[in-house]
1. I'm trying to understand the selection: among the residues of region 41-57, which are under 11 Å from LYS27 (Cα atoms) and not aliphatic (A, V, I, L, M)?
2. Name the pairs: first residue in region 7-30 and more than 14 Å from ARG58 (Cα to Cα), second residue outside any loop (DSSP other than H, G, I, E, B), Cβ to Cβ under 6 Å, at least 6 apart or on different chains?
3. With the condition kept exactly as written, say whether any residue in region 40-54 is over 20 Å from GLU71 (Cβ atoms) and within 11 Å of the chain's Cα centre (by Cα).
4. Which of the following residues is of a type in the set (Lys, Arg), at pLDDT below 90 and out of contact with any strand residue (DSSP E or B) (no Cβ under 8 Å at 6 or more places or on another chain): ARG20, ARG89?
5. Listed residues VAL49, VAL12; which is touching a His at 6+ places or on another chain (Cβ under 8 Å) and buried (at least 19 other Cβ atoms within 10 Å of the Cβ)?
6. May I ask you to list pairs of residues, at least six apart or on different chains, whose Cβ atoms are under 7 Å apart, with the first in region 42-67 being over 19 Å from TYR78 (Cα atoms) and touching a residue at least 24 places away in the same chain (Cβ under 8 Å) and the second being surrounded by 14 or more Cβ atoms within 10 Å (Cβ to Cβ) and hydroxyl-bearing (Ser, Thr, Tyr)?
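The values are calculated or read from the model by the stated rules, or taken from the named source; none is laboratory data. Just so you know, these numbers come straight off a predicted model, no measurement behind them. Note that each Cβ is placed from the backbone with ideal geometry, even for glycine, and that neighbours are counted across all protein chains shown.
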Amino acid sequence: MIRHIEIGPARVRSLIRSGRIRFGGNKTLKIYGTLSCSSGKRMKAANRVFFASEAEARQAGYRPCGHCLREQYKKFIYPITPPTFSPDRLPGG
């Protein structure tokens, strides 16, 4: 995890171009997302952190963004697939 305030804008761009930064996160809310996410672009630099991978973000205790990582967010919120409804399995059916 790299804190935005610890490196300058030129270094951030360099790390993004080299692929060493692939995801951004909000250290206060513990949310990570893509670098192009509109929600992430609005956060204060003091709260912004960067990750090389989703695995790194998850290991640091961050959850996926509900806007730009919708499928990962759904899996995070609903880790177990709920049973499907089947009318023939109703009592008395």
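1. If the condition is that a residue be under 11 Å from LYS27 (Cα atoms) and not aliphatic (A, V, I, L, M), then LYS44, ASN47, ARG48, PHE50 are the ones that fit.
2. ILE21/LEU15; ILE21/PHE50; THR28/ASN47
3. The answer is yes, given that some residue of region 40-54 is over 20 Å from GLU71 (Cβ atoms) and within 11 Å of the chain's Cα centre (by Cα).
4. Being of a type in the set (Lys, Arg), at pLDDT below 90 and out of contact with any strand residue (DSSP E or B) (no Cβ under 8 Å at 6 or more places or on another chain) holds for just one of ARG20, ARG89, which is ARG89.
5. Result of the check over VAL49, VAL12: VAL49.
6. PHE51/TYR32
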